[in-house]
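Report on the structure given below.
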Amino acid sequence: MQALSRWLLACCLPLQVLASGPDDRYLAVEALPATLSPAQLARLSWDHGRQRRLYATPAQQKQLEATGFRFRTLPHPGDNPTAARPHKSGDWASFPAYEDYIARMEDYAERFPELARLEEIGTSQQGRKLLVMKISRNPQRDEAEPEVFYTSTMHGDETTGFVLLLRLIDTLLENPDNDPRIEYLLDHLEIWINPLANPDGTYAGGNASVAGARRFLANNIDPNRNFPDPVDGDHPDGNPYAPETEAMMNFAARRNFTLAANFHGGAEVFNYPWDSRAERHPDDDWFQQAGRAWADSAQQNWPGGGGYFRDLNNGITNGYDWYPVSGGRQDWMNAIMGCFEVTIELSAVKNPDPARLPDYWQANRDALLGYLEQALTAVRGRVVDSKYRPIADALIQLDDRDASIAPVFSDADSGDFFRPTQGGVHRLRITAPGYAPLELPKAESWNPNRAAPTYILWPASDSKQGLQKPQHH
């Protein structure tokens, strides 16, 4: 037991210094040590806990076997030879080579400067770019609009979302049919899209193809166990934060995201918080309705009818009910950054035959737009002091919901806030260190035909209440 605990805390740090490339294996767990606690299990790289599948490097596998695990090696989900099908421009039934992906992102930014701005938020351990596209009217400016973030393929072998988000960028920018639904989103949201969060894992077999994709980062860290955890604290996996993790944390700290979705593969389900604890999120009802809307849409739009996106509770699940995860990005974004983030598993096959990608797009196109629209039902406003100067990181609370474990903050630069809700009228409480609390019995959700209300907080010398949002990591 002591040997297992040491491995779970240290996680083979000496083996992860050099970024020589991901070397994870896919294993069926045939025997578990009898003394494992749920917290210890949550730190491992499970592939959907109920299936008893686990990722580990050869060295990690040996160490786990020494503690009582027994494994059977399975074919790796990233080893799909059909994924190597040559890519052609405009072909959505293939995966791009790495250079094609970079060129396409740069081309969109160059052709649509009035709608798109490309940011490089960091570099992977093997020197590949971590790119995010901002899409909105006036993309060079930060406006008083909800910010929504889509990101995919932090597990490098889960590639469906990679192409779907590329196609979403294309759809939003090209909008060949002048779809009024898209025009409305462009007018009222700031949409940020990161199609590929782990390029070293996705292109582990070389830049020409996603065949041979691997789950881990280049230093064999699982990126979705590498974030600060609201239950287990900093470094729950025992590792330093990887460069890709730090890039994402710094990017999130610079923004004030209202909603986010992190796209994965290996199942077909909308996963909502928490992943790390059994208690429900204070806005569990909001997450369930958002999940039900996504699942219903995906089921209805799947080519040929039923059978898609029906895992667990007919396409939705609470994360902890499915299997506990420590160090996941979803809980960090919700509990620490004040963003309503979910994890969406898009395809049972992780690295699918690219001929199926148009089917996944048809099933999820409306759901992708619909989740963006969820940000438009937020309670909104602007928090200022008595001289109308923005107040940084005021804490926003609705209807006595516990804001201490799922805080939402005003923007540090503008004082604007967008607090997700299902619509209607709500009790609103605003607090900030050094100011007296402001309480209002009635605050309405989003109305684009009215200016956002301004809320003034007055100084209170003895006022210490309020949480503070973390700044740049």
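The values are calculated or read from the model by the stated rules, or taken from the named source; none is laboratory data. Model, not experiment: these values are computed from the prediction. Cβ placement follows ideal geometry from the backbone for every residue including glycine, while neighbour counts extend to all protein chains displayed.
When the residues of the stretch 426-451 are filtered to those that are assigned to a loop (DSSP other than H, G, I, E, B) and in contact (Cβ under 8 Å) with a residue 24 or more places away in the chain, the one that is nearest to SER410 (Cα to Cα) is ALA432. Restricted to the stretch 102-186, the set of strands (runs of 3 or more DSSP E) holding at least 3 residues that are farther than 30 Å from HIS76 by Cα and charged (D, E, K, R) comprises 116-123. In the stretch 434-463, which residue that is at pLDDT 90 or above and of a type in the set (Phe, Trp, Tyr) is nearest to GLN397 (Cα to Cα)? Top of the filtered list is TYR455. No other residue among ASN198, ASN219, ASN178, ASN207 is without any contact (Cβ under 8 Å) to a residue 60 or more places away in the chain and either in contact with a Pro (Cβ under 7 Å, 6 or more places away or on another chain) or over 16 Å from SER152 (Cα atoms) (or both) apart from ASN178. Checking each residue in the stretch 32-50 for being modelled with pLDDT under 85 and surrounded by 15 or more Cβ atoms within 10 Å (Cβ to Cβ) picks out LEU36, GLN40, LEU41, ALA42, ARG43, HIS48, GLY49. Residues of the stretch 247-302 that are touching a helix residue (DSSP H, G or I) at 6+ places or on another chain (Cβ under 7 Å) and in a loop (DSSP other than H, G, I, E, B): GLY265, ALA267, GLU268, PRO273, TRP274, ASP275, SER276, ARG277, ALA278, HIS281, TRP302. Of the set (1) at negative phi; (2) modelled with pLDDT under 55, all apply to GLY466 but (1).
Every test in (1) in contact with a Lys or Arg (Cβ under 8 Å, 6 or more places away or on another chain); (2) surrounded by 16 or more Cβ atoms within 10 Å (Cβ to Cβ); (3) not assigned by TED's automatic domain parsing to the domain that holds ASN219 is passed by LYS134 save one, and that test is (3). In the stretch 190-215, the residue that is surrounded by the most Cβ atoms within 10 Å (Cβ to Cβ) out of those that are touching a helix residue (DSSP H, G or I) at 6+ places or on another chain (Cβ under 6 Å) and of a type in the set (A, V, I, L, M, F, W, C) is VAL210.
When we screen THR160, THR171 for residues that are within 24 Å of ALA363 (Cβ to Cβ), at pLDDT 95 or above and surrounded by 23 or more Cβ atoms within 10 Å (Cβ to Cβ), the only hit is THR160.
Only residues that are closer than 29 Å to ARG419 by Cβ and either out of contact with any helix residue (DSSP H, G or I) (no Cβ under 6 Å at 6 or more places or on another chain) or not aliphatic (A, V, I, L, M) (or both): list them for the stretch 142-163, please. Quick ask: steps written out before the conclusion?
Taking the stretch 142-163 as the starting set, the residues that turn out to be closer than 29 Å to ARG419 by Cβ are 142-152, 154, 161.
Result: ASP142, GLU143, ALA144, GLU145, PRO146, GLU147, PHE149, TYR150, THR151, SER152, GLY161.
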